[in-house]
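Visitor: Please find one structure pasted underneath; my questions will follow.
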Amino acid sequence: RAGGASGADSGAQAGQAEAGAPEPGDPGGGDVRPVAPIQWTPRSTLLFRDTLGRWLEADPLTATVTPLSAFLTGAVNLTPSPDGSQVLFSKGNRLYVARWDGSEPQLVGENVEAYWDESGQLVVTRRPPETANPNGPAPTP
């Protein structure tokens, strides 16, 4: 859609006009509206999901909003590593780890849970069977 200035920032609150503006690297451009929760990252930026399910990083000092990898679209429980170099996230019952921007995703496992420990190591555990499959208990091998 060809953009114009008509009403683009008329309802914007202070500090949100630039963050809502389409960025050159933002596929589809359009209105970027954050969906809670918005979280601080170890890189002193903000991480949030927009109304289209895309994950974005915002730099509060420059008001620059950068879309992360399209692979992250629809991902939940996005958790940055303590040093900010990687992210942990879920898609369905699959758990992934990727570089900070969502590139180079690697499957950690299915029906597992994980967290970053204080030293930045990923700790992975099996999910209890009753929570592993939302359609009922996992079949016995």
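Visitor: Could you give the Stokes-Einstein D for segment 66-111 in µm² per second, using the C-alpha Kirkwood radius, 25 °C, 0.890 mPa s?
Guide: Translational D for this selection: 236 µm²/s.
Visitor: Assuming R0 = 25 Å, what is the FRET efficiency of Ala63 and Arg94, from their Cβ-Cβ distance, to the nearest 0.05?
Guide: Between Ala63 and Arg94 the formula returns 0.15.
Visitor: Something else now. I'd like the FRET efficiency for Arg43 and Glu118, computed as 1/(1 + (r/R0)^6) with the beta carbon distance as r and R0 of 25 Å, rounded to 0.05.
Guide: Step by step, r from the Cβ atoms, then E = 0.85.
Values in this text are rule-based calculations from the coordinates and carry no lab data. All figures in this text were calculated on a predicted structure; none of them were measured in a lab. Every residue, glycine among them, receives a Cβ derived from its backbone with ideal geometry; neighbour counts consider all protein chains shown.
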